[in-house]
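Below is one structure, written out as structure tokens; comments come after it.
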Amino acid sequence: MNNFDPNIPVQKIFSGKLRRYHHLSVMRQLLWPSLVLKNIGDSFLVFVGFFQSIIKLIIWRPDVVFTKGGYVCLPVGIATRLLRIPLVIHDSDAHPGLTNLILSKWATSIATGAPLEYYPYPLNKSRYVGIPISSEFHKFSKLEVKAAKETWGISVDKPLIVITGGGLGASRINDTVVLVLKDLLKIGSVVLISGACQYDKIKAVVPLNDDHFQLHSFVSEGMASLLGAADVVVTRAGATTILELATLAKPTILIPNAKLTGGHQSKNAAVYLENDAVMVVDEDEMIKTPDLLTSAVNDIVSNAEHTKKMSKAFALFARPDAARDVANMILSNIK
């Protein structure tokens with residue numbers, strides 16, 4: 001059953017993904033036996049999932065199907081084509097994934113997380129709606145920022161730097177922060193969300209939590225409050241995280257993981273960098289020169305005028321009505 005609403009039934013199908021690594025050449029991937037075997041095996045799972053999807057859709061007789069772009073959507077989307085069921089897809093990343101590229105050929109409507117100019121989709125059935133996010137994310141007033149810092153037990157007298165690599169953490173970001181933490185603390189207070197894997201290791205070498213530094217393995221509740229309290233956010237370039245920060249209008253430093261499939265985080269970051277809405281730090285360069293992270297943070301804190309312009313540009317990408325707009329697109333495709 002669904003973790004959010006026990007009244008929503010959840011059923012599973014088999015599926016598989018095509019493993020592709022942006023930092024490796026096609027030839028190197030073809031000569032990687034275990035990778036090739038996994039891709040062949042997963043191709044078989046897609047066929048199994050396709051037949052499962054046909055059976056389920058015939059039984060359910062849905063008026064419309066909505067898919068979000070993950071590889072599990074492929075067999076379902078193909079089944080809608082065969083059964084002539086309207087299909088609505090949503091693409092969060094600025095770089096279309098393989099599943100959405102395939103499904104877009106017969107989707108009846110396409111919703112995008114970034115402006116349409118970054119997608120190859122037909123304009124007549126595509127709409128830029130943004131990404132549905134929690135209503136907790138909104139632009140914080142100065143009083144709300146102060147209150148949020150007090151709630152988290154963080155000094156209100158210094159800029160707050162929040163650093164997170166996502167739910168699982170990011171080891172290269174964590175390692176860099178440990179190396180330059182003393183310098184970062186000269187700029188402001190620091191909250192590092194490390195992920196569970198490195199938490200104990202980092203805890204052993206950093207200061208105890210106080211009003212100037214906090215280490216968390218994970219934040220399950222109140223993430224909007226913590227990010228809202230921040231004066232600078234350092235994070236990966238996942239599409240949803242970026243739109244949450246755009247809605248908060250937070251000065252943001254993106255450190256994309258260039259090794260992910262299709263280099264989608266790098267392409268996400270490029271959209272906002274192109275519009276002077278964020279700063280981007282290359283991860284490989286940061287590993288060679290850890291002070292690059294400190295310099296980027298210091299640039300944001302010390303240059304108020306530029307930071308204000310950057311935040312305003314970032315806020316233009318906010319789409320607070322994204323959930324409603326996607327819902328309307330789905331409903332409009334019911335025959």
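The values are calculated or read from the model by the stated rules, or taken from the named source; none is laboratory data. What you are looking at is a predicted structure, and each value in this text was computed from that prediction instead of being measured. Methodologically, a virtual Cβ is constructed for each residue, glycine included, from the backbone with ideal geometry; neighbour enumeration extends over all protein chains shown.
Per-structure values
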| read-out | value |
| --- | --- |
| Count of residues meeting criterion [assigned to a helix (DSSP H, G or I) and of a type outside the set (D, E, K, R)] in segment 160-204 | 17 |
| Residue within segment 47-62 that is closer than 24 Å to I131 by Cβ, of a type outside the set (F, W, Y) and not in a strand (DSSP E or B) present | yes |
| Number of positions in segment 245-264 that are crowded, with 23+ Cβ neighbours inside 10 Å, over 23 Å from E144 (Cα atoms) and touching a residue at least 60 places away in the same chain (Cβ under 8 Å) | 1 |
| Tabulated pairs, segment 140-162, first at pLDDT below 95, second loosely packed, with under 14 Cβ neighbours inside 10 Å and among the β-branched types (V, I, T), C-beta under 9 angstrom, 6+ apart or interchain | none |
| Residue ID - surrounded by the fewest Cβ atoms within 10 Å (Cβ to Cβ), chosen from residues in segment 104-118 that are under 14 Å from L87 (Cα atoms) and not small (G, A, S) | K105 |
| Condition met for L226 (in contact (Cβ under 8 Å) with a residue 40 or more places away in the chain, in contact with a Phe, Trp or Tyr (Cβ under 8 Å, 6 or more places away or on another chain) and either under 27 Å from A304 (Cβ atoms) or not in a helix (DSSP H, G or I) (or both)) | yes |
| Test: residue in segment 265-279 that is closer than 20 Å to I173 by Cβ, outside the structural domain of L101 (by TED's automatic domain parsing), touching a Lys or Arg at 6+ places or on another chain (Cβ under 8 Å) and not basic (K, R) | yes |
| Residue check for I242: outside any loop (DSSP other than H, G, I, E, B), surrounded by 24 or more Cβ atoms within 10 Å (Cβ to Cβ) and either touching a residue at least 60 places away in the same chain (Cβ under 8 Å) or under 17 Å from the mean Cα position of the chain (by Cα) (or both) | yes |
| Top-ranked residue of segment 19-52 - restricted to ones that are surrounded by 15 or more Cβ atoms within 10 Å (Cβ to Cβ) and more than 30 Å from V326 (Cβ to Cβ), ranked as modelled with the lowest pLDDT | Y21 |
| Number of the exception - N100 against (1) crowded, with 23+ Cβ neighbours inside 10 Å; (2) closer than 29 Å to Q198 by Cα; (3) not β-branched (V, I, T) | (2) |
| Residue match in segment 53-66 (condition: at pLDDT below 95 and among the acidic types (D, E)) | no |
| Test set (1) in contact with a His (Cβ under 9 Å, 6 or more places away or on another chain); (2) buried (at least 23 other Cβ atoms within 10 Å of the Cβ); (3) assigned by TED's automatic domain parsing to the domain that holds T252 - A94 fails condition number | (3) |
| Among the candidates Y121, Y128, residue that is at pLDDT 95 or above, in contact with a Ser or Thr (Cβ under 9 Å, 6 or more places away or on another chain) and either surrounded by fewer than 20 Cβ atoms within 10 Å (Cβ to Cβ) or more than 25 Å from P256 (Cα to Cα) (or both) | Y128 |
| Single residue of segment 70-87 satisfying the filter (surrounded by fewer than 22 Cβ atoms within 10 Å (Cβ to Cβ) and touching a residue at least 40 places away in the same chain (Cβ under 8 Å)) that is farthest from the chain's Cα centre (by Cα) | P86 |
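Residues are listed down the side, and each one gets a yes or a no for (1) crowded, with 20+ Cβ neighbours inside 10 Å; (2) basic (K, R); (3) not assigned by TED's automatic domain parsing to the domain that holds A239:
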residue	(1), (2), (3)
E150	no, no, no
R172	no, yes, no
D175	no, no, no
S194	yes, no, no
K201	no, yes, no
